[in-house]
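Inspection log for the structure reproduced underneath, given as structure tokens.
The values are calculated or read from the model by the stated rules, or taken from the named source; none is laboratory data. What you see is a predicted model, and the numbers here were worked out from it, not measured in a lab. Glycine gets a Cβ as well: all are built from the backbone with ideal geometry, and neighbour counts include every protein chain shown. Side chains included, ligands, DNA and RNA excluded: accessible areas come from the protein's heavy atoms. Shrake-Rupley method; radii C 1.70, N 1.55, O 1.52, S 1.80 Å.
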Amino acid sequence: MTTTTPDIATASEVTFPPAFRWGAATAAYQIEGAADEDGRTPSIWDTFSRTPGTVRNGDTGDIAADHYHHMREDVALMAGLGLTDYRFSVSWSRVQPTGRGPAVQKGLDFYRALVDELLAKGIRPVLTLYHWDLPQELEDAGGWPQRDTAQRFAEYTELVAQALGDRVRTWTTLNEPWCAAFLGYAEGVHAPGRREPEAALRAAHHLNLAHGLAVGVLRETTRPSAEVSLTLNLAAVRPLTGSAADADAARRVDALANRIFLDPVFRGHYAADLRADTAQLTDWSFVRDGDLAVISRPVDSLGINYYTPTVVAAGSHPLPSPWPAAQDHVRFVPAPGPRTAMDWPVDADGLYEVLTRLRDELPGTPLLVTENGAAYDDYADPAGQVHDPERIAYLRAHLEAVHRAMAAGADVRGYFLWSLLDNFEWAYGYSKRFGLVHVDFASQRRTPKDSARWYADVVAHRRLPHA
Ligand code: FCB
């Protein structure tokens, strides 16, 4: 007897269920521009990118894709793609410039208008409260290694939830706290550019605490009650060989990349091996009584961002590193296979691995793929067309992996492509293009790439077309 999973087609047809959410994602600092308008003050990314030597070509997000002034055009592009959902983030220093005190109404008005425009077009807003742009004044007061920053985040959450809690249903507290903590405070390649491994561990805990506090605020403030989520860039960690030493390297990276967030949020503790591995840096006394109960307040779904797998072996890697205390135990090995323009190996099995792991470890937690996509060296040809067959191949392979994971029982409710628009790719500036829509940054002209038409077709039919 053969069995089929309802709503999910089998082998030959890659079809998604009717309620599957089809989105695209962006982040405030990467697209908005208008850095000094309507009362916005610098975030750590403004300060960092304006510091020579931090971002490729000296690029900053001052203008970016100027989405602040092209919002309606951009929502129209989303409607043209047939998106059911749009994931964006709010710029903290646009709505609460110093990270304290009352909200600036003009800043909130921008997001009110965006949300209303989305709703008018039948697109569900998925709002991320923190995508790495801490108000500079809070960094000056110590940043995420400072416990008070979590409290400040709870206050900010309340301001945004009061303004939008009646019409935004899906809320994400944090995007990729791993990057905020470890790229920002340990390796220093992201804002605020600090190289303090112990501070990075504190930052991770305070980001977790901020998440938990925000969950409480969102539950109290939103009407009807929000769907509350968190987005993690979980690593698909693979040991290079079956040796015990490589397995131990993988365990260490899994602790620092994945379990440092999954354990407190879903299980209410930090793992003993994580504490032991980092004991030379900290005794973890920054974790106070009661913190873990706050951090483990239930969420309604988990967002996963996935790009490429992480292959590790026993060995060492140079400092500075985003892996506190792991430098003498772990070597990172490039995975084989084709690469994107980021030099990231293309390997869709990693997404399947992450989703099926969560199926096993977090039964009952709906999953959303909140970012997945690829950068390629796209350009408009003389006829004004942007042909990006590699991106289409990447997306197809990863959507197939999502489908396979769903057929294997993973409760995946949606897929958000990174990104709607070419944008400011953090330390790479404008040199890397992830968009479905090409942006000419000189003229701000938007041109949907071939992949945009391909994705619109997938969304319309809920099915991958034959190759
Ligand atoms: C993720 C970030 C996102 C984007 C992609 C490429 O880590 O969340 O802002 O830069 O990588």
- Query: Using modelled amide H (1.01 Å from N, peptide plane; none on Pro or chain starts), what sits under 5 Å from the amide H of residue 368, excluding residues fewer than 5 places away?
  - Reply: 302, 303, 304, 413
- Message: If each residue of separation counts as 0.36 nm, what is the full-extension length gain between residue 339 and residue 440 once their alpha-carbon separation is subtracted?
- Response: 33.9 nm
- Item | DSSP-assigned coil residues among chymotrypsin sites (Phe, Trp or Tyr not before Pro) in segment 266-354, each with at most 15 further Cβ atoms within 10 Å | 284
- Message: Which residue, 367, 407, 455, has the largest displacement toward the positive end of the dipole of segment 21-461 when charges sit on each Cβ (Lys, Arg +1; Asp, Glu -1)?
- Response: 407
- Using a Förster distance of 41 Å, the FRET efficiency for residue 279-residue 383 (Cβ separation, nearest 0.05): 0.10
- Net lengthening on full extension, residue 13/residue 50 (0.36 nm per residue, minus Cα-Cα): 8.4 nm
- Item | Rel. contact order, % - alpha carbon contacts under 8 angstrom, at least six apart, segment 21-461 | 17
- Message: Keeping every protein chain present and rolling a 1.4 Å probe, give me the accessible area per residue for the chain in Å².
- Response: 36
- Query: Of all the accessible heavy-atom surface of the chain, with the other protein chains kept in place and a 1.4 Å probe, what percent is carbon and sulfur?
  - Reply: 52
